[in-house]
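The values are calculated or read from the model by the stated rules, or taken from the named source; none is laboratory data. Since the structure is predicted, the reported quantities are computational estimates derived from the model, not experimental observations. Because the Cβ atoms are built from the backbone with ideal geometry, glycine has one as well, and the counts that use them run over all protein chains shown.
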Amino acid sequence: MRFDQELIAAMVAPHSRVLDIGCGDGSLIGHLSREKNCDAQGLELDMKAVTQSVAHGLPVMHGDADVVLADYPDGTFDYVVLQRTLQAVDCPRDVLRHMLRIGRLALVSFPNFGHWRLRWHLLRTGRMPMTSVWPTPWYETPNIHPCTIYDFFALCEEDGYEVCQWMVVNGNRQSRLAGCSPHLANLFGEQGLFLLRRKSGQK
Amino acid sequence: MLEVQSITFPEGMTLQCGEKIAPLDIAYQTYGELSPTRDNAIVICHAFTGDQYVASPHPVTGKPGWWSRMVGPGLPIDTDRFFVICANVLGGCMGTTGPTTVRAGTERPWGKDFPPITMHDIVAAQVKLVDHFGIDRLFAVIGGSMGGMQTLTWATDYPDRVFAAMPIATSPFQSAQNIAFNEVSRQAIYGDPDWHEGDYQAHGVIPARGLAVARMVGHITYLSEEALTRKFGREIRPGTMPAPHDPLAALPFGGMFQVESYLRYQGSNFTRRFDAHSYLSISRAMDFFDLGSEHGGSLSEAFRGVKTRFCVVSFSSDWLFPTSRSRTLVRAITQAGGHVSFVEIDSDRGHDAFLLEEPDFDRTVRGFLNGMARQAGLAEGDHHHAL
């Protein structure tokens, strides 16, 4: 399991109902069902990955988050997880809204486009930045909605989501320093990981 | 090794149409052993023209069981671990009560008087068999095509008795296109001179030509265009001439296409093992299958409160039960807050793919059952084949 997945897994309470959107090879839901007795399901767009996961005994459904999230009834899950996918969906705002409609809590990780290396690259070369976190050229990147950690905080504020917990992941470690403040995080964080819930009174 | 397994329920059953059939015979096959706690049973539902010989040779044709590559020791549906039951459907002609069964109080088979049956009746008959084994909850129900319709009926009519369900290459309702194909098949039977208004048995004949044509139509729908092309192309069968009544017989480019020959062979073979009334009766049951309409027009209502864990499987080139139908089904289960996995297997072999060698499909079946067995807390079986 990737390091950021370990962080996510650590934030999930045992025996929870979990939906992992874009579950890939299913390692997170496998881990959650084995180690935490969760009722964990996955949603994945890549059919090969779906077949692989189901063949390993994991409950995974083929489907597009932009389309199928609308089908789940309110409050179906305790946690809805979206790992490194927010920037790649058609309508990130709707996806978030559905996540917090069908789940009590949302766990969202995404690469931070405000990182200093990306800013420097753009400033210095005038070309779209490419780094290990943003590895594809602009013309074939699936990441059609890049955002910064500032942007994400702002969207949460605007749409009425409370940030219960957040952290910064740099490479294979959690950066406590960059996690001290959103300002540091926005400059020095490669990835943000957020635990959200609806502010009380908001539907 | 083959023994005919059959049980008679003298009290019979009342059908959805209100008519009563008594006694009720159910012919079935079982494989593997029922665990002491009776928690490892899997019901396999056969397709339209299938039968209970899922993993044993067919008594009429001598061919291997129709899913013998899937069901057996160490196979994806592992009989070292699971107790598999497959019953001939109500209305069938391989031993379960149907139009060929002699009607009680008479000396003649039911024939055209066999009452109309539904998917619910077909499953209700299987419930009697499962009760007979003393099984409260089935570990799983699995079926492809019409077997998938039965699987869905099991899960929605008896939700507490089905832990996991695999509806394969199927649909929550029979589509207009499929009804249309069935109607062509039925008309072929009605149009046969040996049909005798349905009284062919009294005349000592069978409407073999009509039944064969019905089967030929079926076979076309089971295959994809790609599969037909690959199998036969435009090849002419060596040494053949057009049939003598064919007006083209005199032309120099005569001969029988391989695909024609294949269909004729399939058609005539079929008449040896299947009854025309059974064909009509079961095709009607399929045509009237529509889970949504029975729940106020809302398919998701059918799955409300159903705790069964589903694994829906479709095949990319299946145009008889296309992936879009499976998506409709998956969507309804999701909307009802149900638990569903969904895989589309990439195959160019059409609807028939679920009966053929498709490694991804095998892995899916094995993986889903193993995962579900873990969740159901089933005793570890012979696990060395897993994954």
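Summary table below
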quantity: Any hit, region B:86-106, residues being surrounded by fewer than 20 Cβ atoms within 10 Å (Cβ to Cβ), touching a Gly at 6+ places or on another chain (Cβ under 7 Å), touching a residue at least 60 places away in the same chain (Cβ under 8 Å) and assigned by TED's automatic domain parsing to the domain that holds B:Thr153; calculated: no
quantity: Conditions (1) within 7 Å of chain A (Cβ to nearest Cβ); (2) assigned to a helix (DSSP H, G or I); (3) among the polar types (S, T, N, Q); number of the one not met by B:Ser341; calculated: (2)
quantity: Enumeration of residues in region B:17-37 that are buried (at least 16 other Cβ atoms within 10 Å of the Cβ) and outside any strand (DSSP E or B); calculated: B:Gly32, B:Leu34, B:Ser35
quantity: Close pairs (6 angstrom Cβ cut-off, 6 or more residues apart or separate chains): without any contact (Cβ under 8 Å) to a residue 24 or more places away in the chain in region A:179-193, small (Gly, Ala, Ser) anywhere; calculated: A:Leu184/A:Ala178
quantity: Hits in region B:304-320 (condition: touching a strand residue (DSSP E or B) at 6+ places or on another chain (Cβ under 7 Å) and buried (at least 20 other Cβ atoms within 10 Å of the Cβ)); calculated: B:Thr308, B:Arg309, B:Phe310, B:Cys311, B:Val312, B:Val313, B:Ser314, B:Phe315
quantity: Residues being over 17 Å from B:Phe133 (Cβ atoms) and under 14 Å from the mean Cα position of the chain (by Cα) - total across region B:59-101; calculated: 9
quantity: Which numbered condition B:Leu329 fails, given (1) touching a Leu at 6+ places or on another chain (Cβ under 9 Å); (2) part of a helix (DSSP H, G or I); (3) closer than 27 Å to B:Phe83 by Cα; (4) within 13 Å of chain A (Cβ to nearest Cβ); calculated: (3)
quantity: Looking only at region B:12-48, and only at residues there that are among the charged types (D, E, K, R) and more than 22 Å from the chain's Cα centre (by Cα), the one that is farthest from B:Ile122 (Cα to Cα); calculated: B:Glu33
quantity: Residue check, B:Asp246 of a type in the set (Asp, Glu) and modelled with pLDDT under 95; calculated: yes
quantity: Filter result for the condition that a residue is among the small types (Gly, Ala, Ser), in contact (Cβ under 8 Å) with a residue 12 or more places away in the chain and surrounded by 20 or more Cβ atoms within 10 Å (Cβ to Cβ), over B:Ser268, B:Ser326, B:Ser293, B:Ser261; calculated: B:Ser326
quantity: Some residue of region B:167-189 being more than 21 Å from the chain's Cα centre (by Cα), at pLDDT below 95 and surrounded by fewer than 16 Cβ atoms within 10 Å (Cβ to Cβ); calculated: no
quantity: Index of the failed condition, B:Phe321 passing every other in (1) modelled with pLDDT of 95 or more; (2) more than 14 Å from chain A (Cβ to nearest Cβ); (3) over 14 Å from B:Met149 (Cα atoms); calculated: (3)
quantity: Restricting region B:351-363 to residues that are more than 12 Å from chain A (Cβ to nearest Cβ) and assigned to a loop (DSSP other than H, G, I, E, B), the residue that is modelled with the highest pLDDT; calculated: B:Leu356
quantity: Residue match in region B:207-216 (condition: of a type in the set (Lys, Arg) and either modelled with pLDDT of 95 or more or touching a Phe, Trp or Tyr at 6+ places or on another chain (Cβ under 6 Å) (or both)); calculated: yes
quantity: Of the criteria (1) in contact (Cβ under 8 Å) with a residue 60 or more places away in the chain; (2) within 17 Å of A:Gly114 (Cβ to Cβ); (3) part of a strand (DSSP E or B), which one A:Trp166 fails; calculated: (1)
quantity: Options B:Glu357, B:Glu344, B:Glu301; residue that is surrounded by fewer than 19 Cβ atoms within 10 Å (Cβ to Cβ), touching a helix residue (DSSP H, G or I) at 6+ places or on another chain (Cβ under 6 Å) and acidic (Asp, Glu); calculated: B:Glu301
quantity: Filter pass, A:Leu32 being closer than 16 Å to A:Gln5 by Cβ, buried (at least 23 other Cβ atoms within 10 Å of the Cβ) and out of contact with any Pro (no Cβ under 8 Å at 6 or more places or on another chain); calculated: yes
quantity: Yes/no for B:Asp80 being part of a loop (DSSP other than H, G, I, E, B), in the same structural domain as B:Gln150 (by TED's automatic domain parsing), surrounded by 23 or more Cβ atoms within 10 Å (Cβ to Cβ) and touching a residue at least 24 places away in the same chain (Cβ under 8 Å); calculated: no
quantity: Elements of type helices (runs of 4 or more DSSP H) contained in region A:11-92, each with 1 or more residues being under 15 Å from the mean Cα position of the chain (by Cα) and within 14 Å of another protein chain (Cβ to nearest Cβ); calculated: A:27-36, A:65-68
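Conditions tested, residue by residue: (1) among the hydrophobic types (A, V, I, L, M, F, W, C); (2) away from chain A (no Cβ under 14 Å).
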site: B:Tyr279; (1), (2): no, yes
site: B:Arg304; (1), (2): no, no
site: B:Phe310; (1), (2): yes, no
site: B:Gly337; (1), (2): no, no
site: B:Arg349; (1), (2): no, yes
site: B:Val365; (1), (2): yes, no
